[in-house]
1. Which one of these does Val50 not meet: (1) within 14 Å of the ligand (Cβ to nearest atom); (2) within 10 Å of the chain's Cα centre (by Cα)?
2. Just the residues that are of a type outside the set (D, E, K, R), touching a strand residue (DSSP E or B) at 6+ places or on another chain (Cβ under 6 Å) and either closer than 13 Å to Val91 by Cβ or more than 16 Å from the ligand (Cβ to nearest atom) (or both), please, taken from the range 12-45.
3. Within the range 2-23, can you find the residues that are within 16 Å of His76 (Cβ to Cβ) and in contact with a helix residue (DSSP H, G or I) (Cβ under 6 Å, 6 or more places away or on another chain)?
4. Under the condition of being of a type in the set (Asp, Glu) and in contact with a strand residue (DSSP E or B) (Cβ under 8 Å, 6 or more places away or on another chain), which residue from the range 60-92 is modelled with the lowest pLDDT?
5. Can you tell me how many residues within the range 58-111 are free of Cβ contacts under 8 Å to residues at least 12 places away in the same chain, surrounded by fewer than 18 Cβ atoms within 10 Å (Cβ to Cβ) and of a type in the set (D, E, K, R)?
6. Return the pairs, sorted by first residue and then second, in which the second residue is within 11 Å of the ligand (Cβ to nearest atom) and part of a loop (DSSP other than H, G, I, E, B), the first residue lies in the range 1-12 and is touching a residue at least 60 places away in the same chain (Cβ under 8 Å) and β-branched (Val, Ile, Thr), the beta carbons are less than 8 Å apart, and the residues are 6+ apart or on different chains.
7. Going by the structure shown, is Val57 at pLDDT 95 or above and either away from the ligand (no atom under 15 Å from the Cβ) or acidic (Asp, Glu) (or both)?
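The values are calculated or read from the model by the stated rules, or taken from the named source; none is laboratory data. This one's a predicted model, so the numbers in the text were calculated from it and none came from an experiment. Every residue, glycine as well, gets a Cβ built from its backbone with ideal geometry; the counts of neighbours run over all protein chains shown.
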Amino acid sequence: MSRNIGIPGVNPPTSNEECHDKFCPFHGTTRIRGKIMKGTIVSKKSKNSVIIRQDYVQFIKKYQRYERRNSRLACHLPECLRHDIEVGNLVVVGESRKISKTKAFIVLDKVHSTEVA
Ligand SMILES: [Zn+2]
């Protein structure tokens with residue numbers, strides 16, 4: 001069983017595997033509060049974390065043009081989402097309490113290509 005985390009548009013994980021991750025918002029004790037963001041997975045090398053990348057444009061006044069920028073963010077990847085999420089996927093992440101020195105966000109769900117306008 002997974003808990004309803006109360007965020008619209010986020011579906012709880014469907015895998016039947018047991019999840020013992022205490023930082024999993026669906027099966028553990030960590031709650032999601034604060035910001036909800038989207039990003040693309042660029043790295044899945046570490047054991048419990050992923051790196052997401054967000055691209056955005058910044059207006060530069062001097063040149064009256066936009067420049068492309070990006071930022072990278074380390075996020076926790078719960079045990080039950082480990083098999084579903086691959087590099088290149090667009091995911092929804094939610095802010096939680098600080099999990100480690102670099103992590104304060106948890107991956108919640110994959111954004112399916114049909115949902116992207
Ligand atoms: Zn879980």
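1. (1)
2. Gly34, Ile36, Met37, Gly39, Thr40, Ile41, Val42, Ser43
3. Pro13, Cys19, Asp21
4. Asp84
5. 6
6. Ile5/Pro12; Ile5/Pro25; Ile5/Phe26
7. Yes: the conditions hold for Val57.
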